[in-house]
1. Please identify the pairs in which a residue from segment B:192-204 that is of a type in the set (D, E, K, R) has its Cβ atom under 8 Å from the Cβ atom of a residue that is at pLDDT 95 or above and part of a loop (DSSP other than H, G, I, E, B), counting only partners at least 6 apart or on another chain.
2. So the check is Cβ under 7 Å with 6+ separation or different chains; which pairs have a first residue in segment A:416-436 that's facing chain B (nearest Cβ under 7 Å) and a second one that's at pLDDT 90 or above and not in a helix (DSSP H, G or I)?
3. Here are some residues: A:Arg415, A:Arg430. Which one is open to solvent by 50 Å² or more (accessible area, probe 1.4 Å) and modelled with pLDDT of 85 or more?
4. Taking the stated definitions as given, is B:Val207 under 26 Å from B:Gly26 (Cα atoms), touching a Ser or Thr at 6+ places or on another chain (Cβ under 6 Å) and surrounded by 17 or more Cβ atoms within 10 Å (Cβ to Cβ)?
5. Name the residues in segment B:528-546 that are open to solvent by 60 Å² or more (accessible area, probe 1.4 Å), touching a residue at least 12 places away in the same chain (Cβ under 8 Å) and within 13 Å of chain A (Cβ to nearest Cβ), would you?
6. Please go through segment A:92-128 and pick out each residue that is among the aliphatic types (A, V, I, L, M), within 14 Å of chain B (Cβ to nearest Cβ) and touching a residue at least 40 places away in the same chain (Cβ under 8 Å).
7. Assuming B:Arg147 fulfils every condition listed in (1) under 28 Å from the mean Cα position of the chain (by Cα); (2) open to solvent by less than 20 Å² (accessible area, probe 1.4 Å) apart from one, which condition is it?
8. Sort out which residues of segment B:227-243 are surrounded by fewer than 21 Cβ atoms within 10 Å (Cβ to Cβ) and more than 22 Å from B:Gly348 (Cα to Cα), and write them in order of number.
Amino acid sequence: MYQEDTIAAIATPPGEGGLAVVRISGPDAEKIARQIFLRPNGRDNQLRSHTLYHGRICDPKNLQSIDEVLLTMMRKPRSYTGEDVVEVHCHGGNFLVRQILTVILTQGARQAEAGEFTKRAFLNGRIDLAQAEAVLDLIRAQTAKGAQLALSQASGELSKYVGELREELLDILVQVEAAIDFPEEEIELLQRHHLAQKITALADKINLIAASYDWGRLFREGAKVCICGRPNVGKSSLLNALLGTHRVIVTPVPGTTRDVIEETLTLDGLPVVIWDTAGIRDTDDQVEKLGVELSRQHLEKADALIVVLDGSVKLTADDRALLHSAGAKKLVMAINKSDLPLVIDPGLFETGEHRRVVRTSALSGTGINELKKTLRELIVGCPIEPPVTVTNLRHRSELVRSADGLQRAVDTLDRGLPPELAAIDLSDAREALEEIIGMVSNDDILERIFSSFCIGK
Amino acid sequence: MGCTTLMMTLNLDHIGQMSCNPAIGGIGKGHLVKEIDALGGEMARAIDETGIQFRILNTKKGPAVRASRAQADKALYRMRMKRVLENCPGLMLRQGSVEALIVEDGQIKGVETQIGECFFGRKVILTTGTFLKGLIHIGDRNYSAGRAGDFAVHGLSESLVGLGFKVGRLKTGTCPRLDSRTIDYSELAVQDGDEPPQPFSFSSHGVVQRQVPCHITYTNSRTHDIIRSAIHRSPMYSGVIKSRGPRYCPSIEDKIYRFADKDRHQIFLEPEGLDTVEVYPNGLSTSLPLDVQVEMVRSIKGLEQAEIMRHGYAIEYDFFEPTQLYSSLETKLVKGLYHAGQINGTTGYEEAAAQGIMAGINAVLSLRGEEALVFSRDQAYIGVLIDDLVTKGTDSEPYRMFTSRAEYRLLLREDNADLRLSAIGHRIGLAGEAEYQRYQGKKAAIDDLIQYLDDNQLNADGETNARLESIGKGPLHNPTKLSQLLRRPEISLSDIRVIYPDMINCSRDVDSQVEVTIKYQGYVNRQNDIVERFQKMEDVRLPEDIDYSQISGISREVREKLLRIQPRSLGQAARISGVTPAAITLLSFYLKKRKSA
């Protein structure tokens, strides 16, 4: 619920950093700033909009100086939220920043809820819905690439592209509507099957970016990769090699790893949560059995698997069983121990879009970079790169709704039903797109008819 | 509806005079005529009695966009309308030019004519057509007129401006009229009406006048050359006329300039009546000088010897932004004053009639102390029309109805206008008892037939399939309900009557309702779902005393728009151009807060 009070929060991410920003937004922002901000030599603290001032933040109760800061005031509506906004640029460090925020809160501001600045920006019409949602994704994004995707949406790239799709859809609708409203005008319209083709082509484009959601999700939330294989093929060594550290204890005793070890790494911007699991094999050891069971659970959840095989020995029944149980999951077979003579024939393995083979040596580090590259390709793998990426579930479901509407329109046309019914389907599709960018106008169609066709007897 | 009423007109002989094309209906417009008829209006009956060619348009498309159109005998139509008025109890007819409104304390009191006669009444409805400061242009000449042959009115426009109304100016035009005896029809394509002709009115017994054909010819490259070489003499291009004309009804010179790649334009030659030789060359609207009109007309096939009896012209006139009206068509500035028709920036007889009947109804309802009758956008084209006018205005060009303006087109069909509106027309006392009985009978017959189709089924036996084959349809494999069979796109009710001869007989009207209901059920249901969502926004009423300056966060521009339009509902507010979804969110938050406060 939108309230007209003044909110404040630390705007920079938590943790130690050189600088931090505390933001205040709302009708009392300026009043609060003037109570806690002292300019050098006691100069008056009248604040001009969009000007950077140097000074100190003091606790008005005891006039004790908290930090030396830069402060800027942005008067409404020319601010991020569309309200009066004050930003305090202070030194980083959790304690100091919290102290400044506390002083602000004691002066009558309320701690902002997560995303509340953005919500106000949206409600005040500063940004559209797609932008607002992207900003929230940006806040949640885990890595630089995820942030970049969200950022491109925040700057309106998704809105722009969806706007283009909407244009295409309107052009199609114009054909249908012109035929309905102006049947006696000898206007040249597309034939049914041509219309259906155009609609299908548009649906494909929409489906492509809808599918990019899963792709975007990987960058935002990280991909889950499970390293698996029978005991003692070098899974933990491989993880260490991937991480470039000695995170995991490596012994020649099979079954050393019984817990699942979770690590994160970044593959060219793609955040990856990597699970090193207990070796999977038939065993009677109760403790090891539990470990194997846990491994299987993680294997299920993973977006991709690294199946480690010992290249120096023949494929065992356990290896085969594991590869079989992976089913259609994306996997890289890491033929490890490439420093030893090769006994396995890598040519024997079925490879394809979802199955790759890489020769590695965890010991010497050979093939590790290739493994990383292959893994990333496998996870991100997108035959046609979508022109924009959808990172928000609501956007994705509207896109799916739009594509469904288009598909229904094609069916309606194919079944020989009248064009005004196809128009209903097309309008559904259009509405879904407009829900994403938050715009509606029914006049566009007539506008287009008049500019494209010679209408009027 | 029983009120004592005065009708004041410039010329009693010109009541119901068609200034432009002598035709009623068309796509979107036919829908309006049927709605007017269902409410108890005259237009449909008048055209049924005086029409000389009837056609249903869009027959190859679906039922929702099929529309009736008819050519009128211009003189008969006019006389028929006057006769109805003369026979209307409680209605006084007077000739005179209203030059001023009498207003006290923001309340209408009456009108004053150019000879100083005053008439007093509790309600006044203005329907000024193109007469307010009408200025006719032809070539570089212009003269004051309401239409060719009638005086313009000047004082009334100024009276309204004096009261604070915002005035605007629009332009429209008409074709030259040709002498039928000088046209060579021998080489031209003939366009006949439908056989048998389908009347407009739900309560009509049929078409009475002799039916006549129209003819079709085309402009050619020589016509276009003539126009191009004389374009500097057109008042539209020389800059004399500054207001914008309707893009859907362009002059021939407009068409040639805006669509230069088209090498010909279609011209329909439409007779203006049975007892006249005047012909309306539909498609040749122009304001070029008369000598160019003659040359241009004579360059067209079949018109080589044609004589122009009346010249074509453009006309500019005053209108008043309809955003200055409530949805009842009452003005916001003056209580008891209503505007209807071209004064609101619309074009077309049908659009004018639709507003006229609503202004009349609402004036009476207000006198009775009842709530105004406002149709929603899913209820009637009339609702779409008035909502568009009072919400969006008509800024730059005259407003005409198109089916694409209606979001719920499948629900707003010509064929169900009576089902949608007859009960309302009857309730307010406008539609007669006989019409109401007919409507109830039709409704019952529809329900019965739907029930019957659901209750009866066909066996997939040899006999059934042989019958299906005899009409060229695929066989059945399982026992099938009649309603199920009707859902097949290629099967009609008349097909089912062949396959299942026992079926009850119904009127064509009823059959077509049932076909639509069953065949398009999925689509109808989906539209109904959307209507339900739409209705939620419509149901959120905005109180009249709402103070938009109290809602922080909305831009000044949006606030000004809301203040000016004073929307009735959140839904209407959302339709105002420039009002963003964010502003609507804020508005709804404000309303909730206000409610809980």
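1. Filtered contacts from segment B:192-204: B:Asp192/B:Gln211; B:Asp192/B:Pro213.
2. Pairs that qualify, where the first residue is facing chain B (nearest Cβ under 7 Å) and the partner is at pLDDT 90 or above and not in a helix (DSSP H, G or I), are A:Glu420/B:Arg409; A:Glu420/B:Leu410; A:Ile424/B:Leu410.
3. Answer to the check: A:Arg415.
4. Criteria not met by B:Val207.
5. Result: B:Asn528, B:Met537.
6. A:Ala121, A:Leu123
7. Status for B:Arg147: all satisfied but (2).
8. Listed by number, the residues that qualify are B:Arg228, B:Ser229, B:Ala230, B:Ile231, B:His232, B:Arg233, B:Tyr237, B:Ser238, B:Gly239, B:Val240.
The values are calculated or read from the model by the stated rules, or taken from the named source; none is laboratory data. Please read all numbers here as calculations on a predicted model, not as lab measurements. Note: ideal-geometry Cβ built from the backbone for every residue, glycine included; neighbour counts use all protein chains shown. Accessible surface is based on the protein model in full, side chains and every heavy atom, while ligands, DNA and RNA are left aside. Shrake-Rupley method; radii C 1.70, N 1.55, O 1.52, S 1.80 Å.
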